[in-house]
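Undergrad: The structure follows.
The values are calculated or read from the model by the stated rules, or taken from the named source; none is laboratory data. Everything numeric in this text was worked out from a predicted model, so none of it was measured. Neighbour counts run over all protein chains shown; Cβ positions are idealised from the backbone, glycine included.
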Amino acid sequence: IVCGIENIDAMGVHTGDSVTVAPILTLTDKEYQALRDASFAIMRKVGVETGGSNVQFAINPNPEPNPDGSKPFDFVVVEMNPRVSRSSALASKATGFPIAKIAAKLAVGYTLDELRNDITGNTSACFEPSIDYVVTKMPRWTFEKFPEADETLTTQMKSVGEAMAIGRTFKESLQKVIRSMDVKRFGFGLDKNDQWLAAKRAMDAGQPPPKPGEEGVVLRTADDQPIEWPITPEKLARKLSVPSQGRLYYIRYAMKEGWTNEKIRDLSGIDPFFLDQMRQLVDFEDTLSGYERLEDLPKEVMFEAKQLGYADAQLANLYLGNISSENILKVRARRKELGIEPVYKLVDTCAAEFDAVTPYFYSTYESSYTSFSETGETSTLFSDEIRVSKTPKVVILGGGPNRIGQGIEFDYCCCHAAYAADELGFESVMINSNPETVSTDYDTSDLLFFEPLTLEDVLNIYEKLDTGAEGESGLVKGFIVQFGGQTPLNLAHGLKLAGVPILGTSLDSIDLAEDRDRFDALLEKLGLERPASGIARSLDQAVEIAEEIGYPVLVRPSYVLGGRGMEICPDKKALVHYMTSALDVSDLDGAPVLIDKFLAGATEVDVDVVADFDPTADEQPAGRRAVCCGVMQHIEHAGVHSGDSACVVPPYSLSRPVEEQIREITRTLARELRVCGLMNAQLAVKDERIYLIEVNPRASRTAPFVSKAKHISWPSVAAKAMLGKTLDEMGVQEVRDTGAYAIKESVFPFQKFPGVDFVLGPEMRSTGEVMGIDLTVPVAYLKALAAASSELPTEGGVFLSVRNDDKPHAVPIARSLMAMGFTVYTTEGTGALLQEHGMRPQVLQRIAAGARPNVIDLMSDGRITLVINTPSRTGWQTDEGKIRATAVRLNIPMITTITGAEAGVRAIEASRAGGWEVRALQDYAELAKKVRAEGAGDAPPRPATVRSGSGV
């Protein structure tokens, strides 16, 4: 048995949506051995000869007593997976035992006793790991992207990521995992979301408790949604009995209200052990709140707080009034003044029975001990298992838990940064809290710290590594913060304030790109065009700007990823609604709202750039330059978030002069921003005019795609540039032609959210992506769609319904489909248009009309195999919303943009024609080398387009 993992939530919540704990904490040894024996018996009966398996049990908390009155251990088997599972990945990170790696070696003939334990280096892998710490995993949800979704947690998994934390106790690891979630929470309470603390401050000031929406008061759930104050007992009971992402905080509320553990257990089904642990935290808050000032807090109380997992940010909020980098550093200074600092322990698989050679660490707080020398001198020491070498170090900050807008793409960048640092002779140090990633494998970096990505935790590691055992200082060359997405960037200012060296592009350049006024001034200086725009910090300003530049407008907060809070407002009413309901989305307090003129029908382009400019020099040294990693043309028009749009590299229909101008624009911007590392630019092309949408001087989510498409690790190149290598020294040149087209397609989670309408827009909703590659665009797109589980049919019926703006483009689409033998079903409006052009579609009445069979009937009986619907109305209650929901439920391929439909038709034609083949990525890499060796300067021949700038 590698690891036992316990769900905190009762049966009925998918294990991927439950907070889980390892090792199992609520069973006696006899009960644990019963589950262990049952697991072995199941594996033997199923016939598992080798590899890893996962067995899930459910335990009856209230079994019928035995005749003698004793309590039996009553359990059932929920399921058994004779394969590596999601839980296997978590167990591997929790114990340091690489289940998948061991299983692969067993599959090719090794036996367990022949394999070595990588962590210790001198013991066998034929052992059961023993751990002397507690691991807590917490799911990360993104319900804010799907406001229509039911947030109730059931047997259908709804989370999109997770974080893991390690501590000496459950209380410590629980608080650490909460602050790992990057949801503006720093623990179980006492942070800016603590409504109890807000109420106490109000009453201390002689004011009534705050009400929702009051200025300056933050009363919010984990996902930043307003809550009621006070909560009625009826609602609180319902919140405890119905599993949801915020239930832990309702449990805390109930404890503050005086509800007993028994009452909470009866409502929630959560084991009394965990409730007692949570209550200890709630009770300790009263101890902390008994001191008025930070200076009054005794050393022993602060030390106990740190052992319980309380963050400096929580103490800053309690004693200094708010959470800011400055206040966190003040608490830090006071803590260090008292001599309270963390120690680092190894994840060693054996509870310190053997020495570990793999540096995989977590932090905790332990009491010191006194050492006596032979001469009688004494010294105070801490049980710290970290040993700092003299080798210069590079610290890479990961992205934390996956979420929409910040996913595994950034982990690719972090891993390749670690590889690059190793190549240049540095020790690579990885800090991350995500057990799903490669960056948190113990063999990816030289040192791995499984820690929350907060200012406190990162600074603790920096100070520990920057000074050697013999007093050497300055061992950390710097931090790479631009590869992990927005999470590490949000820490950058605090790190700089603390004197931490930041590698690569300066923070001032990153801020310049986000600061609309400064960036507009730069564009004006360079003579570059962008959509008419403005910055609003109030509703009145927003309305004034929108009326000046003209509707429709694109509005979004600054300093966000994944288009969070982004919306297209067609009129004043929509803008007013946006400004009054979506202004707390930015990750930085006080960030303004950006308003742009929306360019309807424009072709959007993404460009990734790598540069080696000196971020501190006004006059750049000779030879410093920027290289375009790739120019990506979106298939969907502007208005669909770049993370949701399919994109093609190289561009398939941009004119050569426009493409060259785009390359020159992005290289110039990289020079002006003094980019050292990666930069991403988004542009729109309309009527051969180029508009700059935004520039981000950091790694983007397209970096892995461009790296695979061009067969070059651009993050590795960028990391080496940050560490002092020039592009000339690395021999890096632009790669315009690889002899093939690569297409990125997005993967969406709509099947997980019944009632959510499948409509693409400016806010990102995809949870992953795939790539198709081939010598032609249609086949590459066909492969990409198939990889995204949206394989296009080659026969059957197609339902075609488009909004008025798209109807002229529906004619050639329908004609092509009919020519291939498809039966085309349409709504009355689209059908009338096709009839005017000599076609005879099958016209269906609206669902609301009640005529049968309707489109949903035809979808249900398999006669419709593809849905093409460009939305005119959204919402699952509408006719078209019901059609889209049915397509998702029945897994019928669906296309919701007209340009996507044009590309899809060409892909179907290619599929029917056949003749294409499957090749390994290495074969395409060899083709690219051959093309470069032959000196071809042009991209592959571009196929004819359906219409300029949109079709394929």
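Undergrad: Would you pick out the residues in the stretch 123-150 that are of a type in the set (A, V, I, L, M), touching a residue at least 40 places away in the same chain (Cβ under 8 Å) and either farther than 21 Å from ASP17 by Cα or not in a loop (DSSP other than H, G, I, E, B) (or both)?
TA: Within the stretch 123-150, ILE131, VAL134, VAL135, MET138 qualify.
Undergrad: Any idea which residue in the stretch 496-506 is surrounded by the fewest Cβ atoms within 10 Å (Cβ to Cβ), counting only those that are out of contact with any helix residue (DSSP H, G or I) (no Cβ under 7 Å at 6 or more places or on another chain) and touching a residue at least 24 places away in the same chain (Cβ under 8 Å)?
TA: Going through the qualifying residues, I end up with PRO501.
Undergrad: Consider GLY831 carefully, then state whether it is at pLDDT 90 or above, outside any loop (DSSP other than H, G, I, E, B) and over 30 Å from THR776 (Cβ atoms).
TA: yes
Undergrad: For the stretch 768-816, enumerate the residues that are acidic (Asp, Glu), touching a Phe, Trp or Tyr at 6+ places or on another chain (Cβ under 9 Å) and over 30 Å from ASP923 (Cα atoms).
TA: GLU795
Undergrad: Note down all Cβ pairs under 6 Å where the first residue falls in the stretch 852-866 and is free of Cβ contacts under 8 Å to residues at least 60 places away in the same chain, the second is part of a helix (DSSP H, G or I) and of a type outside the set (Lys, Arg), and they're at least six residues apart or on different chains.
TA: ASN854/ILE847; VAL855/ILE883; ILE856/THR886
Undergrad: Moving on. For the stretch 237-263, enumerate the residues that are part of a helix (DSSP H, G or I), of a type in the set (D, E, K, R) and more than 21 Å from SER159 (Cβ to Cβ).
TA: ARG238, LYS256, GLU262, LYS263, listed by residue number.
Undergrad: Of the conditions (1) on the phi < 0 side of the Ramachandran plot; (2) under 28 Å from the mean Cα position of the chain (by Cα), GLY677 clears all except one; give me its number.
TA: Result: GLY677 passes all but (1).
Undergrad: From the list ALA718, ALA681, ALA709, exactly one residue is in contact with a helix residue (DSSP H, G or I) (Cβ under 6 Å, 6 or more places away or on another chain) and either β-branched (Val, Ile, Thr) or not in a loop (DSSP other than H, G, I, E, B) (or both). Which is it?
TA: ALA681
Undergrad: Looking at the stretch 264-276 only, could you name the residues that are among the β-branched types (Val, Ile, Thr) and either assigned to a helix (DSSP H, G or I) or more than 18 Å from LYS171 (Cβ to Cβ) (or both)?
TA: ILE264
Undergrad: With the condition kept exactly as written, say whether any residue in the stretch 297-308 is under 30 Å from the mean Cα position of the chain (by Cα) and under 25 Å from LEU447 (Cβ atoms).
TA: Checked against the condition, which is being under 30 Å from the mean Cα position of the chain (by Cα) and under 25 Å from LEU447 (Cβ atoms), the stretch 297-308 yields at least one hit.
Undergrad: Which residues, taken from the stretch 749-771, are at pLDDT below 90, surrounded by fewer than 19 Cβ atoms within 10 Å (Cβ to Cβ) and either touching a helix residue (DSSP H, G or I) at 6+ places or on another chain (Cβ under 7 Å) or under 16 Å from GLY161 (Cβ atoms) (or both)?
TA: Residues satisfying the conditions are GLN751, LYS752.
Undergrad: Hey, can you tell me all the residues within the stretch 768-795 that are of a type in the set (Ser, Thr, Tyr), farther than 14 Å from CYS647 by Cβ and within 26 Å of the chain's Cα centre (by Cα)?
TA: SER789, SER790, listed by residue number.
Undergrad: What is the residue count in the stretch 115-135 for residues that are more than 24 Å from ILE42 (Cβ to Cβ) and at pLDDT below 90?
TA: 9
Undergrad: Pairs only if they're at least six apart or on different chains, beta carbon under 6 angstrom, first in the stretch 803-827 and assigned to a loop (DSSP other than H, G, I, E, B), second crowded, with 16+ Cβ neighbours inside 10 Å; list them, first residue then second.
TA: Sorted first by the residue in the stretch 803-827, then by its partner, the pairs are ARG803/THR870; PHE822/VAL798; THR827/SER801.
Residues checked against (1) closer than 21 Å to VAL500 by Cβ; (2) surrounded by fewer than 24 Cβ atoms within 10 Å (Cβ to Cβ); (3) not assigned by TED's automatic domain parsing to the domain that holds CYS676:
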| residue | (1), (2), (3) |
| --- | --- |
| ARG403 | no, no, yes |
| CYS414 | yes, no, yes |
| ASP422 | no, yes, yes |
| ASP441 | no, yes, yes |
| THR444 | no, yes, yes |
| PHE449 | yes, no, yes |
| TYR462 | yes, yes, yes |
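Undergrad: Out of the residues in the stretch 737-748 that are among the hydroxyl-bearing types (Ser, Thr, Tyr) and more than 25 Å from ARG889 (Cα to Cα), state the one that is modelled with the lowest pLDDT.
TA: Going through the qualifying residues, I end up with THR738.
Undergrad: Continuing with this model, one more query. Kindly establish whether LEU35 is in contact with a Gly (Cβ under 9 Å, 6 or more places away or on another chain), more than 19 Å from THR154 (Cα to Cα) and surrounded by 15 or more Cβ atoms within 10 Å (Cβ to Cβ).
TA: In short, yes.
Undergrad: Against the condition of a type in the set (Lys, Arg) and either surrounded by fewer than 16 Cβ atoms within 10 Å (Cβ to Cβ) or outside any helix (DSSP H, G or I) (or both), how does ARG884 come out, does it pass?
TA: In short, no.
Undergrad: Would you pick out the residues in the stretch 117-146 that are of a type in the set (Ser, Thr, Tyr) and buried (at least 18 other Cβ atoms within 10 Å of the Cβ)?
TA: Result: THR120, TYR133, THR136, THR142.
Undergrad: I need a count of the residues in the stretch 430-439 that are buried (at least 24 other Cβ atoms within 10 Å of the Cβ) and hydrophobic (A, V, I, L, M, F, W, C).
TA: 2
Undergrad: Among (1) over 31 Å from the mean Cα position of the chain (by Cα); (2) surrounded by 16 or more Cβ atoms within 10 Å (Cβ to Cβ), where does GLY4 come up short?
TA: (1)
Undergrad: Is it fair to say GLY838 is at pLDDT below 95, not hydrophobic (A, V, I, L, M, F, W, C) and not in a strand (DSSP E or B)?
TA: In short, yes.
Undergrad: Let me ask something else. Tell me which of these MET430 doesn't satisfy, since it passes every other one: (1) touching a residue at least 12 places away in the same chain (Cβ under 8 Å); (2) closer than 22 Å to SER324 by Cα; (3) not assigned by TED's automatic domain parsing to the domain that holds THR668.
TA: (2)
Undergrad: Can you name the residue in the stretch 211-236 that is under 30 Å from the mean Cα position of the chain (by Cα) and not in a loop (DSSP other than H, G, I, E, B) and, of all such residues, is modelled with the highest pLDDT?
TA: It comes out as PRO226.
Undergrad: Next up: SER268 fails exactly one of the following numbered conditions: (1) under 32 Å from the mean Cα position of the chain (by Cα); (2) within 29 Å of ASN460 (Cβ to Cβ). What is the number of that condition?
TA: Looking at each condition in turn, SER268 falls short on (2).
Undergrad: Filter the stretch 445-500 down to residues that are more than 25 Å from GLU514 (Cα to Cα) and among the aromatic types (Phe, Trp, Tyr), then give me how many there are.
TA: The total comes to 3.
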